Amino acid sequence: MKKMILWALVALPLGVFAQETEEELKAKLASKKDSIAQIQGRANALQAQIDALPGWKVGAFGTIGTNISSFNNWFAQGIPNNNSGNIGFTVNAYANQKEEKFFWRNSANINLNWVKLDDRDDDTDNSGFRQATDVFNLSSLYGRKLSDKWAVSGLGEYRTTILSNFNDPGYLDLGVGATWTPINDLVVVIHPLNYNFVFSKDDTIFNSSLGAKIVADYTKQIGAVNFKSNLSMFNSYESSDLSNWTWINSFSYTLWKVIGVGFDFGLRNNRQEALNYQVNTLGNTDITFDNLDNELQTYWTLGLSYSIN
């Protein structure tokens, strides 16, 4: 009798659990996911209210990518004995002040990368790390509000390289016009009066000019996700050869505390830089703006990411 009672006590919960079908378990899981989505929605709404408050907002996020390897007598490849590596990082930093009658937005974007391929069987090759990616951008936008979405604004933006050829070339945009903020995370700058100062030793290729400046910047943080997209365009009134644009995108997903995975990519079109490379680096003195093959400039970085708020 005691054994029968014991078996009944053991079988009863097993029978209860067995009564739940796969469809019922999936339904329970779906309800839990819906609850998580609702909680996340409320958290996002609170974060949007915090972002809309006046005062300073400061933060930074970026990507770190590293890969180092060594081969010995690996005869399947062309260089069987080598040391190789790739080290790079990006930084997207901002310091923004928002007040009732004005705003002041400051940002920095830095992307640096070094590579090496040391052929240990060749004593003449370069055995150290060499600079591969070199991007340095600073911008400062000040605006006096005319309404919730429009402001009279002034912009200063500086772009150059810092590892090599610092300020050669370097670009400094100074201009005035209007800024449109249709939503809290999007800023569109429209400056019909802008002067593009170009600093370079070769003034036969690089020239400063007056033109229009358009900048669109979208920066968003949703939970563990950080995203930033910045498009900066200058349209010269003097010649299209002096116009340029740069589009930089950064994405990071935090996995643990401030560490996650990140991806950055950038696009650029600049006829002055393309002609300078053809003439002064490759030595093609017959190339001019008229017969220039202006290819799109690109870069990307994938690696660990970090976020600081």
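The values are calculated or read from the model by the stated rules, or taken from the named source; none is laboratory data. Worth saying up front: this structure is predicted, and the values here are computed from it rather than measured. Cβ placement follows ideal geometry from the backbone for every residue including glycine, while neighbour counts extend to all protein chains displayed.
Could you please find all residues in segment 258-290 being polar (S, T, N, Q) and more than 27 Å from residue 231 (Cα to Cα)? If the condition is that a residue be polar (S, T, N, Q) and more than 27 Å from residue 231 (Cα to Cα), then 280, 281, 284, 285, 288 are the ones that fit.
Among the conditions (1) closer than 28 Å to residue 222 by Cα; (2) in contact with a Pro (Cβ under 8 Å, 6 or more places away or on another chain), the only one that residue 136 does not satisfy is (2). Taking (1) under 27 Å from residue 66 (Cβ atoms); (2) touching a Pro at 6+ places or on another chain (Cβ under 7 Å) in turn, residue 254 satisfies each apart from (2).
Counting only residues that are more than 30 Å from residue 225 (Cα to Cα) and touching a residue at least 40 places away in the same chain (Cβ under 8 Å), how many does segment 240-257 have?
If we filter segment 240-257 for residues that are more than 30 Å from residue 225 (Cα to Cα), which is where we start, we get 240-244.
Subset that is touching a residue at least 40 places away in the same chain (Cβ under 8 Å): 241-242, 244.
So the count comes out to 3.
Just checking, does segment 258-272 include any residue being touching a residue at least 12 places away in the same chain (Cβ under 8 Å), more than 22 Å from the chain's Cα centre (by Cα) and in the same structural domain as residue 159 (by TED's automatic domain parsing)? Within segment 258-272, one or more residues are touching a residue at least 12 places away in the same chain (Cβ under 8 Å), more than 22 Å from the chain's Cα centre (by Cα) and in the same structural domain as residue 159 (by TED's automatic domain parsing). Among the residues in segment 286-295, are any in contact with a Ser or Thr (Cβ under 9 Å, 6 or more places away or on another chain), assigned by TED's automatic domain parsing to the domain that holds residue 109 and closer than 18 Å to residue 244 by Cα? Yes: one or more hits.
For segment 277-289, the condition of being surrounded by 18 or more Cβ atoms within 10 Å (Cβ to Cβ) and touching a residue at least 12 places away in the same chain (Cβ under 8 Å) holds for at least one residue.
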